[in-house]
Amino acid sequence: MNDPSFTALLDLKKDDVHMKLRCLLTNPNFSSEELEKYYPPICWDSEKSLDFLCLLSERLSWRPPEDSPQYRAAESRRQSLRRELESRKQQIFNGKSIDDIDQNLTQESQYDDESVKDLLRFVRNKWWHRLQLPEQFVGGDGGRLFYDYLHGLFPDLLMVSYRAASGICAKESWFANFR
């Protein structure tokens with residue numbers, strides 16, 4: 001069959017199957033619902049993954065003005081997000097800690113060794129100030145290399161963070177680019 005629209009539809013389905021297979025390879029215990037929920041970050045490149053982690057760190061730090069009408073709801077979501085992430089720290093750290101990160105990367109700041117919030121703050125600080133990173137992480141492939149380095153130490157950080165954020169922050173404006 002040479003129908004271009006049918007061929008395009010098959011290509012889309014093939015890509016969808018490949019993404020779901022990649023997701024299952026990441027964690028073979030995913031249910032259908034979890035596959036749909038985890039689908040977006042599987043498709044991201046390393047820079048988008050790092051951007052997500054940075055904005056999540058910002059969200060954990062940001063507090064609306066106390067006289068703001070949204071203060072209580074926003075603060076409640078921030079606290080829920082922090083609790084959810086910290087409740088998953090064993091999975092995220094998986095026996096490692098921020099101390100396991102190369103000393104050349106952590107020398108300028110103090111981080112709570114076993115805090116997910118501080119791990120995300122580390123990622124944010126280093127990625128947003130990437131010109132201060134060691135030379136191998138600056139330039140062309142630097143984002144991929146930096147993400148691969150972090151992923152090697154904390155392979156569940158992105159997926160666990162995405163799961164928490166998608167459940168708590170899905171309607172917030174910062175999350176719109178990550179659905």
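The values are calculated or read from the model by the stated rules, or taken from the named source; none is laboratory data. Computed from a predicted structure; not experimentally measured. FYI the Cβ positions are ideal-geometry reconstructions off the backbone, even for glycines, and counts take in every protein chain you see.
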Extreme residue, surrounded by the most Cβ atoms within 10 Å (Cβ to Cβ), among residues of region 134-144 that are assigned to a helix (DSSP H, G or I) and without any contact (Cβ under 8 Å) to a residue 40 or more places away in the chain: Phe137
Hits in region 51-98 (condition: of a type in the set (Lys, Arg), in a loop (DSSP other than H, G, I, E, B) and either in contact with a Pro (Cβ under 6 Å, 6 or more places away or on another chain) or at pLDDT 85 or above (or both)): Arg88, Lys96
Does Lys171 qualify as being free of Cβ contacts under 8 Å to residues at least 60 places away in the same chain, crowded, with 18+ Cβ neighbours inside 10 Å and either assigned by TED's automatic domain parsing to the domain that holds Phe93 or not in a helix (DSSP H, G or I) (or both)? no
From the list Leu119, Leu131, exactly one residue is without any contact (Cβ under 8 Å) to a residue 12 or more places away in the chain and either crowded, with 19+ Cβ neighbours inside 10 Å or assigned to a helix (DSSP H, G or I) (or both). Which is it? Leu131
Is one or more of the residues making up region 106-115 over 14 Å from Asp51 (Cα atoms), among the β-branched types (Val, Ile, Thr) and either surrounded by 15 or more Cβ atoms within 10 Å (Cβ to Cβ) or free of Cβ contacts under 8 Å to residues at least 60 places away in the same chain (or both)? yes
Those residues of region 59-73 which are surrounded by 14 or more Cβ atoms within 10 Å (Cβ to Cβ) and within 30 Å of Phe146 (Cβ to Cβ) amount to Arg59, Leu60
Quick test of your reading of the structure: Asn177 fulfils all but one of (1) within 17 Å of the chain's Cα centre (by Cα); (2) surrounded by 12 or more Cβ atoms within 10 Å (Cβ to Cβ); (3) not small (Gly, Ala, Ser). Name the failing condition by number. (2)
